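Take a look at the structure below.
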Amino acid sequence: MFKKLAKYVKEYKKATILTPVFVVLEVVMEVIIPLLMARIIDVGIQNGDVHYILEMGVLLIIAAILSLTFGMLSGRYAAKASAGYAKNLRKAMFYKIQDYAFENIDKFSTSSLITRMTTDVTNVQMAFQMIIRILVRGPIMMIFALLMVLSISTQISIIFFVAIPVLGVILFFIATKAHPNFEKVFKKYDKLNNVVQENVSAIRVVKSYVREDFEEAKFKEINDDVYKSFKKAEKIVAFNSPAMQTTIYTCILLISWIGSQLIVGGTMQTGQLSSIITYAWQILASLMMLSMVFVMVIMAQSSAERILEVIEEKPSIQNKENPVTEVKNGAISFKNVSFVYSDEKDVNKFALRDINLDIKEGETIGIIGGTGSSKSTLVSLIPRLYDVSKGSVTVGGVDVRDYDMHALRDAVAMVLQKNVLFSGTIAENLRWGKKNADLEELEEACKLAQADGFIKEFPSKYDTVLDQGGTNVSGGQKQRICIARAILKKPKILILDDSTSAVDTKTDAFIRKAFREKIPNTTKIIIAQRISSIEDADKIIVLDQGKINGIGTSEELLKTNAIYREVYESQMKGGSEDGAE
Amino acid sequence: MEQNNQKGKKRKVLKRLLGYVTKHYKLQLAVVLVSIVISAFVGVIGTQFIKYLIDDFIVPLLGQQNPDFGPLKNIILIMAGIYLAGIVCNYLYNRLMINISQGVLNDIRTQMFNHMQKLPIRYFDSRTHGDIMSTYTNDVDTLREMLSQSIPMVFSASVTMIAVLIAMLSTNLYLTLVVLAMVILMVLVSRYLGGNSSRFFVKQQEDIGKVNGYIEEMMEGQKVVKVFNYEEESKKRFDTINDQLCDSMTRANMYANILMPCIMNIGNLGYVLVAVIGGILSVNGILTIGSIAAFLQYVKAFTNPLGQVSQQMNFIVMAMAGAERIFDLIDEEEEVDEGYVTLVNAKIEDGKVVETKERTGIWAWKHPHKDGRTTYTRLRGQVEFENVQFGYEENKRILHDITLAAKEGQKISFVGATGAGKTTITNLINRFYDIQEGKIRYDRINIQKIKKADLRRSLGMVLQDTSLFTGTIKDNIRYGKLDATDEEVYAAAKLSNADQFIQHLAHGYDTVITGNGEGLSQGQRQLLSIARAALNNPPVLILDEATSSIDTRTEKIVQEGMDKLMKGRTVFVIAHRLSTIKNSDLIMVLDHGRIIERGNHEELIAKKGTYYGLYTGAIEID
């Protein structure tokens, strides 16, 4: 896992390497400074030699300045490296998500992706900074101290060489126990977030059903769950510091005992013993640091896994080798197509079954069907938003799986049922369709989509700023902007998924007329609830529970298809004005 | 001035935060504090032990023929005891701090959530959901670090420092002053660096917010991104704000990181000063050599904990920012409810409405009057608006002079363009928002007098935005009536025509759905929310584009079921398709917050006005 994560250091490699280098230099100074201090006491003060004290003092100040410089540099590089690393992680995730297919998008919820890109990245970033700063400092201080002990007494150093591995085993044991518990904590945490998110977005329902108490009880349950599992995980980690203290205190007592024998036996000086003890404390301090890093890393591990999950998710739809880069025309055909959503547990639960269709270039196709009849699913297969489970879909005579996706989707414009406009001006939103389109082109597309008129009525016209989700234009206006955005692509195939539902019948008719006259060679597929939107199509497909129930013109279907007839009659009866054109 | 205010605010936040700790955990906290003091002293004793051991126990043994190791053994055993006490205390306070910090976090989260339930709709409408959620995660997280790590460390460091300071003072006043001067320098430096650091931490949080917002918008529109091949452009824009965040993060962390080396090296500087001054003093015979040596040890013992504290500073700064946001939420003003008219079960005795405990299916408004009388009015579902004026903001009026009367069992419909004020009217009936002028009466009672919970209980709502919850289909329908039996749930689903599609799901009514209802179509979600309202069975129903995503064929069937359900009840309908409101008793055409036409379908058609235009498709609605 570390290896995988290390990849994202990238351009911050220099800072990442320099940090520990300066930390090492800083530690060297930190080691020299106490030696100088000891000399001031042992030689200068003992002898009352002010001159010597000044000399050493100057040296000490130089060392302190160097230590400060190195410290600042290491701090700076550490900040740069860790913030940069976090940036790269976020970037990698965001880029990856851009490459996701619809199926992958369906798998992660928006809130979970956001948490992963913020909280989880922060956790990993903190651990990363700890690692490059302290993971070097701790061991170096420890090694230095051990070397000093070794130089004083080999016998006594054995104590440490036994104690440290023992401690290592204990810490490792604690870590392996703690990790699964922290994983559980994060899962519970996700659930808690979910309860909050749902509560916030459903607050109108909560309040109108007066279910505040119910919600509070629901929250309390998951909150207590988090509390309990967090406590359980932290309880294990709480053994860290006592375990370390026990080891070091035992060492000190052993050293005291053995050291006393050695001194009395004449093989050691008293000063040496007190130095060893000082180093023992230093070892303890560095171990403490390490254990802090340890805890952080344990906790960050779960976050790292969640990040990698996003990065390593394989886009379920990818380009073939040597893909076809040009879509010749807008003819479409479905051959024995069946489709099952991949998250569906029952593999025989077909959303679409045995679909056979042939659509010629420039034709207008209407699709009608009840809620859940898989109309959207059917058209999603054309720009390869999902891959078929069985059979094949071809566009311009080529299987969609053989195309370069970019080329295919450039040729197929789709106005989704869940229309989304983004914060920014109308022009900016329209330019999604064509990046460098000039105002003339925008106007032309908008005229076609019957949007030019109302846009020009806004005070800022095409520069009118839209709120997130386009909440400051009406539903019908939003739909027409979305259609114009799609037309700007100059597509060979244009798909409207229930995207004129809020447009009045008259405007709707104008749009269809403009389609016929201005873009006759574009294949148009229109999903609609309203009969009038599809009545004049070349072919109408009636879908029922994932199967084609009937194909034909309106007239033919009225004679042969019961569903179509029923819908037609329910809409035309008593409201003949409804279909006015 | 401003800085003082800021500081005062910070202090208040800290005090309040500690209030949570002392509220429930006094005893545990006392044990923690004692344990920290003990373990800090064990630390101090531990460092002095070796000197004592050498001077008093080892040196006397030197040169003896048969040295008696007995006393030495004893002192080591005693020391072992002291160390053990230190270890026990260390574990004890670490362990208890877990109870305290997790307990406090639990308390805070509960308080936040429970308080949030009482906030007015306005609060939710004026913030992004991501922002509210991040209080529960990011901000609460910052507290954990601070409560469990920083506070004990700062406390233990303070104990050590005070102990050392006393020892210093008893050794030499002048040298102590030198040390104190150094401390002041440290404080100044850490204030400068800390100030910069916290400024950039604030900036960092803002930038995180921006990144959050962008990610949220892009994730929501991810399918559009795909369809338009917009991936590259979206990456480019992300890079810009991501770089900005990286920049503020680097600066914030940089200032925080260099704090510790600064403090430690000022400490070193102080050490040299003390050594030089002490040396001069000792040459002049004012100080003994031993006491200077001891004093220098103290200087080291004093600066070490200071360094530790400075390292905790950025955790504390972040936690303060988090706590501020948390308290902002908790301090947010609750929805006021001055209502005193309540809804009670009733029965009719001798033609009079009488309160009862049983569930009779008859409800009444219990209205206590000032003179001590209590009257009962049977719940019928009449709603009247009288010259209602309303605006979401002070000076921006949305509704003008709305007057209307819905009699029991009538179907009242609203049509008009987006922004005409249709949804606003429904927001006023259930008092999601309060009107500025005019009166709304419910069964002849001013709704300001009715307890909000009871008012809302008597009104059912089905919104275009369905808002389902993670759980089974059954649970979601049961949200309408928590104690409903399975049979009642099935009946409600059948009534609203949801039963058919539910039966087709792999696990039927036990199918687990997620909050955003992935796997269900928008229309199916709407059917579920209608079933939920059907189970709730209220006398007044508000349908705000409740069937907009259901195909016309299904809608017809749903409509039939609803008509059955609504027989004899009052309904307010905001409809997407005019065909669904044709049979209304009263249709209101709204334009820019005014009712411009009213009447039933035939009357309005005959009028050949706006409604006629809408109906014939000459004018657009949505």
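Every number in this text was worked out from the coordinates using simple rules, so none of it is lab data. Small disclaimer: the values here were computed from a predicted structure and weren't measured. Heads up, the Cβs are rebuilt from the backbone with ideal geometry, glycines too, and the neighbour counts pull from every protein chain shown.
Structure values in brief
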item: Two-site FRET efficiency, residue A:51 against residue B:181, from Cβ-Cβ distance with R₀ of 22 Å, rounded to 0.05; result: 0.35
item: Sites matching GluC sites (Glu not before Pro) across the range B:322-364 that sit in DSSP coil, with at most 10 neighbouring C-beta atoms within 10 Å; result: B:333, B:338, B:358
item: In order through the range B:376-392: 3J(HN,Hα) via Karplus (6.51 cos²θ - 1.76 cosθ + 1.60), integer Hz, x for Gly, Pro; result: 10, 10, 5, 6, 10, x, 8, 10, 10, 10, 10, 6, 7, 10, 7, x, 5
item: Helical contribution to [θ] at 222 nm, DSSP H n ≥ 4, -39,500 (n - 2.57), averaged over the protein assembly as shown, rounded to 500; result: -20000 deg cm²/dmol
item: Between the range B:164-216 and the range A:200-272, the alpha-carbon center distance in angstrom; result: 26
item: Burial ordering of B:601, A:406, fewest other beta-carbon atoms within 10 Å first; result: A:406, B:601
item: Distance in nm between pseudo-label sites at residue B:64 and residue B:196 (7 Å out along the Cβ direction from Cα); result: 6.0
item: Average Cα contact separation per residue, chain A, under 8 Å, 6 or more apart, as relative contact order %; result: 13
item: The range A:483-560 versus the range B:104-140: alpha-carbon centroid distance in Å; result: 45
item: A:485, A:211 arranged by Cβ crowding within 10 Å, fewest neighbours leading; result: A:211, A:485
item: Estimated distance in nm for a label pair at residue A:558 and residue A:516, the labels positioned 7 Å out from Cα along Cα-to-Cβ; result: 1.6
item: HN-Hα J in Hz across the range B:254-262 - Karplus 6.51, -1.76, 1.60, θ = phi - 60°, x for Gly and Pro; result: 4, 4, 5, 5, 7, 4, 4, x, 4
item: Nonlocal amide H pairs with residue A:526, under 5 Å, H built at 1.01 Å; result: A:365, A:366, A:367, A:496
item: Chymotrypsin sites (Phe, Trp or Tyr not before Pro) within the range A:98-169, DSSP loop, no more than 11 other Cβ atoms inside 10 Å; result: none
item: Helix axis angle, A:154-201 relative to chain A longest principal axis, alpha carbon, degrees; result: 30
item: P(r) tail fraction, the range B:2-331 - alpha-carbon pairs more than 28 Å apart, %; result: 59
item: Distance between the range B:402-453 and the range B:306-370 - C-alpha centres, whole angstrom; result: 22
item: Extreme residue, positive dipole direction of chain A, given options A:377, A:323, A:9 (C-beta unit charges); result: A:9
item: Antiparallel DSSP beta bridges within chain A, percent to nearest 5; result: 50
item: Fewest-first ranking of A:257, A:432, using other Cβ atoms within 10 Å as the exposure measure; result: A:257, A:432
item: Inter-site label distance for residue A:162 and residue A:402 at 7 Å from Cα along Cβ, in nm; result: 7.6
item: From phi via Karplus (6.51, -1.76, 1.60), per-residue ³J(HN,Hα) for the range B:600-615 in Hz, x at Gly/Pro; result: 8, 3, 5, 4, 5, 5, 4, 5, 6, x, 4, 4, 4, x, 5, 5
item: Loop chymotrypsin sites (Phe, Trp or Tyr not before Pro), the range A:261-320, which have at most 13 other Cβ atoms in a 10 Å radius of their Cβ (DSSP); result: none
item: Mean Cα-pair separation over length for the range B:384-615, i.e. relative contact order, pairs under 8 Å, 6 or more apart, %; result: 28
item: Cβ-Cβ FRET estimate between residue A:14 and residue B:206, R0 fixed at 30 Å, reported to 0.05; result: 0.55
item: Sites residue B:486 and residue A:305, calculated FRET efficiency, Cβ-Cβ separation with R0 35 Å, nearest 0.05; result: 0.30
